[in-house]
Amino acid sequence: MDMEEYQPRKADDILTALTRQDLDPFSVAELDARNEALKAEIVRTQQRRDYAVNHKASAEAFFKK
């Protein structure tokens, strides 16, 4: 494991900024659009995670003695 994974996120991290953003100025339509964009990002992130897990398992199986 990389030691940076255990460090707290930087204050200027995009995810931190996103979670701190004031949602009051947004209209219902804008909030709906934001939700759809975030759902799409969750799907994309999950697909990448699944790929990484499968890739690691394949590599471990290949190099297993």
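Computed values, structure above
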quantity: Karplus-derived HN-Hα couplings along region 13-18 (A = 6.51, B = -1.76, C = 1.60, θ = phi - 60°), whole Hz, x at Gly and Pro; calculated: 4, 4, 5, 4, 4, 4
quantity: Estimated FRET transfer efficiency when R0 is 25 angstrom, pair residue 35-residue 13 (beta carbons, to 0.05); calculated: 0.75
quantity: Phi-based couplings in Hz for region 56-61 (Karplus 6.51, -1.76, 1.60; Gly and Pro marked x); calculated: 4, 5, 5, 5, 5, 5
quantity: Förster-model FRET efficiency, 25 Å R0, residue 28 and residue 50, C-beta, rounded to 0.05; calculated: 0.15
quantity: Phi-based couplings in Hz for region 44-51 (Karplus 6.51, -1.76, 1.60; Gly and Pro marked x); calculated: 4, 5, 5, 4, 5, 5, 4, 4
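Since every read-out is calculated from the coordinates, none of them should be taken as a lab result. Here the structure is a predicted model, which means the values were calculated and not measured. Glycine gets a Cβ as well: all are built from the backbone with ideal geometry, and neighbour counts include every protein chain shown.
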